[in-house]
1. Show the residue pairs meeting these rules: Cβ distance below 6 Å; 6+ apart or different chains; first residue within segment 165-186 and closer than 23 Å to Leu99 by Cβ; second residue among the aromatic types (Phe, Trp, Tyr) and assigned to a helix (DSSP H, G or I).
2. Have a look at Gly160, Gly168 and point out the one that is touching a helix residue (DSSP H, G or I) at 6+ places or on another chain (Cβ under 7 Å), exposed (fewer than 15 other Cβ atoms within 10 Å of the Cβ) and modelled with pLDDT of 90 or more.
3. If you go through segment 59-98 one residue at a time, how many are out of contact with any Leu (no Cβ under 7 Å at 6 or more places or on another chain) and either small (Gly, Ala, Ser) or not in a helix (DSSP H, G or I) (or both)?
4. Against the conditions (1) at pLDDT below 90; (2) in a helix (DSSP H, G or I); (3) surrounded by 15 or more Cβ atoms within 10 Å (Cβ to Cβ), where does Glu204 fall short? Just the number, please.
5. If the requirement is being surrounded by 16 or more Cβ atoms within 10 Å (Cβ to Cβ), out of contact with any His (no Cβ under 7 Å at 6 or more places or on another chain), within 18 Å of Val198 (Cβ to Cβ) and in contact (Cβ under 8 Å) with a residue 40 or more places away in the chain, which of these qualifies: Tyr62, Tyr114, Tyr101?
6. Look at Leu228 and say whether it is of a type in the set (A, V, I, L, M, F, W, C), over 22 Å from the mean Cα position of the chain (by Cα) and at pLDDT 90 or above.
7. Arg150 versus (1) basic (Lys, Arg); (2) surrounded by fewer than 14 Cβ atoms within 10 Å (Cβ to Cβ); (3) in contact (Cβ under 8 Å) with a residue 12 or more places away in the chain: which is the lone unmet condition?
8. Given the criterion among the small types (Gly, Ala, Ser) and touching a Ser or Thr at 6+ places or on another chain (Cβ under 7 Å), identify the matching residue among Ala154, Ala146.
Amino acid sequence: MTASTAGEFRSSSIGKASLRALIASWLGWMFDGYETYALVLVMGSAVHQLLPLERLPRASVYIGGLLAATMLGWAMGGVGAGILADYFGRRRTLMLSILCYAVFSGLAAFSWDYWSLLAFRFLTGLGLGAEWGPGAAIVAEQWAPASRGRAGGALHAAYGVGMLLASGTWLVLNPLGRSSWRYMFLVGILPALLLLYVRRWVEEPAVWMAASRDRREAQQRVQMGRVLRMTSSWFSLQFPRFCPMLNCAAASGFCC
């Protein structure tokens, strides 16, 4: 085996850190798919139970509102988490996003009217959108270029698996009565258990660690430059005050 071939083999090998990153992100994306499709499955039942009778003829409008609130939260969470992931780390942002949509999905099960459900779905959407950026980044940065395409394909498949999981779960829970839609959202609490795995086993990518270190060093240099400029400005302002004193001391014979 030549040196170049050996290097290519090492670059394409799959390490434990790579697998752990993929597993964590895969599970996160799977629950994204579950949460998104769970809403599609149950929103009709939820809206008909939560709306007053006089508003039921416009139920389709309120159903569209739930979808819109979730997608708006998704978009805002995606943009915000992308920024946070660059500054605070892929792993921390991934954990925050999972916690966000697990908590608010669970709270959605206790909605007391349509507007509380709308608010909880918006907040759930924030977590759903926030999971995509750090999840994709941590997989891309942990996997070697030679196998990154396969990892990305497996990651995207998780969303479809989550939708299939939601369909199966609804098939089981739907016969439980008018409040069965609440149980669907309660299942959304389960991703919180994933936090234990991410915190214990998932590492920050070396690429991000190096970039974060370079950013801190650059900030330190900028801060040092500010201190030096402030010091130079102070001396430039104070020096004219000392000039007459120095001239006087020189005239009196105290100058060396």
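The values are calculated or read from the model by the stated rules, or taken from the named source; none is laboratory data. Quick caveat, the model's predicted, so the values are computed rather than measured. In this analysis, Cβ positions are derived from the backbone assuming ideal geometry, glycine residues included, and neighbour counts consider all displayed protein chains.
1. What qualifies is Leu165/Tyr34; Ala166/Tyr34; Ala166/Tyr37.
2. Numbers: Gly168 fails: touching a helix residue (DSSP H, G or I) at 6+ places or on another chain (Cβ under 7 Å).
After ruling out the rest, the residue left standing is Gly160.
3. 11
4. Every listed condition holds for Glu204 apart from (2).
5. Working: Tyr62 fails: within 18 Å of Val198 (Cβ to Cβ); Tyr114 fails: within 18 Å of Val198 (Cβ to Cβ).
On inspection, the qualifying residue turns out to be Tyr101.
6. Here the answer is no, as Leu228 does not meet what is asked.
7. Answer for Arg150: the failing condition is (3).
8. On the way: Ala154 fails: touching a Ser or Thr at 6+ places or on another chain (Cβ under 7 Å).
Sole residue among the options that is among the small types (Gly, Ala, Ser) and touching a Ser or Thr at 6+ places or on another chain (Cβ under 7 Å): Ala146.
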